[in-house]
Amino acid sequence: MDKNLIIRADANSQIGVGHVMRCLALAQAWRDNGGQVAFVMCDGRSVFASRLAQEHFDLYEIDVEPGSQKDAVETVRLALQNNAQWIVLDGYNFKSDFQLVVKNAGLKLLCMDDYGHADHYYADIVLNQNLYAEDSKYSSRESNTIILLGTRYALLRKEFIDNKKPKEKTTSESCNILVTMGGGDPGNASLKVIQALQNVKIPNLKVKIIAGPSNPYIDQLRQAVQMAGGDFQLLHAVDNMAVQIAWSDIAITAGGSTCWELCCMSVPAIVLVISDDQVPTAAALHEKGCMINLGWATELSNHVIAQTVIDLINNKQRQKDLALKASTFVDGSGAQRVVGLMQ
């Protein structure tokens with residue numbers, strides 16, 4: 001396979017960290033196949049510098065407007081400097097003009113996509129890993145463009161494959177709830193969930209709240225958890241998400257890429273929508289019987305959240321049904337499949 005890969009993706013409190021994290025999964029699979037990977041970032045580089053260093057991936061910081069002509073030229077320059085044959089673009093700013101600059105430089109291109117954000121696709125491969133993915137979103141494309149659709153190609157990091165095993169519940173009376181509202185959580189849905197769960201009066205209830213690395217409300221969340229008491233715990237910018245998911249009996253999540261991680265690890269989940277791009281994902285997961293979609297977090301009362309959690313805790317069969325259905329959609333091998341097609 002072509003050995004060198006450049007990944008262009010950003011992260012911040014508004015767009016979250018999902019773009020970079022799923023690209024990290026692809027980078028791991030690429031490296032496992034003998035290649036080298038470098039990330040190019042404008043936003044989020046300070047947050048991910050240590051994580052990428054731990055993974056032994058190079059990181060280039062660029063000072064450009066994301067998606068601009070200057071961004072495209074600089075990304076291509078770094079690809080050529082690193083003798084990379086492939087560039088991966090993950091973000092809604094990387095539209096048709098950006099793709100064309102990459103292709104005119106003689107490079108191969110993979111575009112990660114969620115809803116058909118470009119007017120035309122010049123990429124060699126377009127990947128939409130969502131349940132609702134449709135070929136019709138990519139009718140304007142080059143004749144040689146390959147379209148990969150659905151959760152068969154969901155990009156999960158190695159930790160989820162390593163931790164994917166049936167979870168034996170040690171105590172039937174206990175219930176561990178994981179709250180994860182994504183890497184940014186710009187509307188502070190985590191705080192609303194914390195407040196709602198204080199109304200869930202279930203014996204032996206344990207709650208872990210995962211605040212992502214770009215969460216702007218971390219101090220407020222720390223205060224809320226301290227007031228909630230000893231059964232609530234806040235974790236910030238974890239690097240062992242699979243371990244945290246394995247701990248949980250039920251998850252409350254935003255409708256981002258964490259949904260595929262929960263599916264892979266067979267955890268029944270309740271979904272709250274915190275951004276427009278999550279609406280179709282949450283709806284599809286609910287329709288397929290994988291998760292419970294409560295809709296927009298901003299429109300939910302604490303009572304509705306709490307009652308939904310209580311009902312799910314008390315319905316063991318519903319938990320099993322959700323977990324089983326979810327596990328059929330994501331097997332954890334998507335990154336390896338995509339890398340295989342890039343050879």
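A few comments on the model shown:
- Restricting attention to segment 61-219, close to 0% of DSSP beta bridges with both partner residues there are antiparallel.
- Cα point-scatterer Debye curve for segment 196-299, base-10 log of I(q)/I(0) at q = 0.10, 0.21, 0.22 Å⁻¹: -0.29, -1.31, -1.39
- Per residue, the convex hull around the alpha carbon atoms of segment 1-136 comes to 109 Å³.
- Of the peptides 31-39, 147-155, the order by per-residue mean of other Cβ atoms within 10 Å, starting with the highest, comes out as 147-155, 31-39.
- Sequence-distant lysines (8 or more away, or on other chains) whose Cα lies within less than 23 Å of Lys164: Lys206, Lys208, Lys288, Lys316, Lys320, Lys325
- Residues Glu299, Glu61, Glu142, Glu261 ordered from highest to lowest accessible area at a 1.4 Å probe: Glu299, Glu61, Glu142, Glu261.
- Per the Debye calculation on segment 263-343 with a single equal scatterer at every Cα and no solvent contribution, log₁₀ I(q)/I(0) for q = 0.25 Å⁻¹ amounts to -1.18.
- Sorting 199-212, 116-129 by their mean Cβ neighbour count within 10 Å, with the most densely packed peptide first, gives 116-129, 199-212.
- Under 28 Å from Lys108, Cα to Cα: lysines that are on another chain or at least 8 residues apart: Lys3, Lys70, Lys95, Lys137, Lys158
- Helices in the chain, meaning DSSP H runs of at least 4 residues, each add -39500 (n - 2.57). Divided by all residues, the mean residue ellipticity at 222 nm is -11000 deg cm²/dmol.
- Relative packing of 246-255, 312-321, which averages over residues the other C-beta atoms within 10 Å, highest first: 246-255, 312-321
- Accessible area of Met227 (1.4 Å probe, protein heavy atoms only, ligands and nucleic acids ignored): about 150 Å².
- Between segment 112-140 and segment 243-267, the alpha-carbon centres lie 25 Å apart.
- Accessible surface of the chain, 1.4 Å probe: 46 percent of it comes from carbon and sulfur atoms.
- Helix 316-327 and the long axis of the chain differ in direction by around 10°, with both axes built from C-alpha atoms.
- Between Ile252 and Leu178, Val179, Thr180, Ile270, the built amide H atoms are under 5 Å apart, and every one of these is 5 or more places off in sequence or on another chain.
- The chain, dipole about Cα centre (Lys/Arg Cβ +1, Asp/Glu Cβ -1), debye to the nearest 20: 900
- Computed over the chain, the P(r) curve from all C-alpha pair distances, binned at 10 Å from the origin, holds 6, 26, 34, 22, 10, 2, 0 percent per bin.
- Over segment 84-160, the fraction of Cα-Cα pairs per 10 Å bin, rounded to whole percents and listed from the shortest bin up, is 19, 54, 23, 3.
The values are calculated or read from the model by the stated rules, or taken from the named source; none is laboratory data. Model, not experiment: these values are computed from the prediction. Note: ideal-geometry Cβ built from the backbone for every residue, glycine included; neighbour counts use all protein chains shown. Just the protein is used for accessible areas: all its heavy atoms, side chains included, with ligands, DNA and RNA removed. Shrake-Rupley method; radii C 1.70, N 1.55, O 1.52, S 1.80 Å.
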